[in-house]
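I have placed the structure first, in the form of structure tokens, so that the comments after it can refer back to it.
Each reported figure results from applying straightforward, stated rules to the coordinates on display, with no laboratory input. Note that the coordinates shown come from a computational prediction; the quantities given were computed from them, not determined experimentally. Cβ placement follows ideal geometry from the backbone for every residue including glycine, while neighbour counts extend to all protein chains displayed.
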Amino acid sequence: MTVNGKGPYLFIFDTGGVNLITPELAKELGIKTEGAAAARGAGDSTMEMGLGHVDEINVGGAIIKNQLFISVPLDQLYASNGVHLPGMVGYETFRRFITRIDYGAKTITLTDPKYFDPKDAGTPVHIAFNGNAAIVDGTYDGVPGKFQIDTGARSSLTLNAPYVAANHFPAGKAVDTIDGWGVGGPSRSHLTRGGALTIGGIAAAEHPIVGMSTDKGGSFADPSLSGNIGGGILKRFVVTFDYGHNTMYLKPAQGPIADLDTYDRAGMWFNVVPEGYKIIAITPGGPAEAAGLKTDDVITSIDGKPVGDLALPGVRQRLRTDAPGTSVKLHLASGKDVTVTLKDQI
């Protein structure tokens, strides 16, 4: 998208967020920010935010003028994504359009509400709003709950810690580790293949990967919500949002869905640092631990390729989709070579 005629910039498109620019982009564009307040998201940390006026944003030809944006640093997201993201498109944009996200076709379509015809959009689901967040009624493992719809989440389903504690959900084979990274830093969960999820009466997923949050702070410790439904669930559908009529439409995706219900087979979480990929967490009993890797080790190459030549999202995808038994050769900044043999953890 472009901001005040400059760009294009790569922004997050997030039903769980608001219109946002980083302080660095505000400075680059000469946007003055004022005020100070606390902001939070996934992860325990809070940040200070300000407010700034943006004259115009252009999202794929859809132009919106005279917008108030919050200004918050997104440094934590670069570390976990390997991509510089100078901003976010959120609630203030969604509410002006009918927004269709087709995960299979990798397209977002913004439609003027007066031209929207819902007859082919799919099954309607009522949505309510908790501030800027879209909330739906649903069930997990037969237990009713209120779930946030979050197009900005990489995960499938995260259950909030108070909801988990209140319902004592059974779990099969599981791991305890970092399973996400938001503007507030790492999120930790008890990860397993869970029970059935319904959204507004629609059977959404039978046994998705579920993170039962163990966070003590941040959005996943919020007792007012049951959980967070992210891209791993939503990619099963073409999803259409009509904020003006408090409605979301779900239309099942056609054909096979890539990278569905896969989970990390390497047993480690790493982030980008100047030297390479720094290991932040090792899953107890997992392949990385078996190979002798430790937290704070820095990976400089993977199968002979410098990590600077690799896209971090692609590396993460490979480590969860390559077949069990695949050998991955890592070179560390310490000079050590390590081979990790992938295996299913859950």
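The length gained on full extension between N66 and Q317, counted as 0.36 nm times the residue separation minus their Cα-Cα distance, comes to 86.5 nm.
Once the dipole of the chain is set up with Lys and Arg at +1 and Asp and Glu at -1 on Cβ about the Cα centre, which of A62, G244, A196 lies farthest towards its positive end? Positive-most Cα among the choices belongs to A196.
When shorter helices are ignored and each DSSP H run of at least 4 residues is given -39500 (n - 2.57), the per-residue value for the chain at 222 nm works out to -3000 deg cm²/dmol. The label point for L310 and the one for D344, both projected 7 Å from the Cα toward the Cβ, are 2.4 nm apart.
What the Cβ-Cβ distance of A171 and D75 gives, at R0 = 25 Å and to the nearest 0.05, is a FRET efficiency of 0.15.
Toward the positive end of the charge dipole of the chain, with +1 on the Cβ of Lys and Arg and -1 on the Cβ of Asp and Glu, the farthest Cα among N19, P313, P208 is that of P208. Quick one: pull the percentage of alpha-carbon pairs in the chain with a separation above 28 Å. Tail of the P(r) past 28 Å holds 45 percent of the pairs.
Entry note, the chain: relative contact order of 17 percent, from Cα contacts under 8 Å with a spacing of 6+ residues. Net length available on complete extension from D141 to D102 is 11.3 nm, with 0.36 nm assigned per residue and the Cα-Cα distance removed. As a length-normalised measure over Cα pairs under 8 Å and 6 or more apart, the relative contact order of the stretch 120-236 settles at 34 percent.
Of all lysines in the structure, the ones whose alpha carbon falls short of 20 Å from that of K6, not counting any fewer than 8 places away in one chain, are K27, K32, K65.
Each of T295, T15 has some number of other Cβ atoms within 10 Å of its Cβ, and from fewest to most they run T295, T15.
Label-to-label distance, H84 versus D303, with points set 7 angstrom from Cα along the beta-carbon direction: 2.9 nm. Simple spin-label estimate for A203 and A290 gives 3.5 nm between the two label positions (7 Å along the Cα-to-Cβ direction from each Cα).
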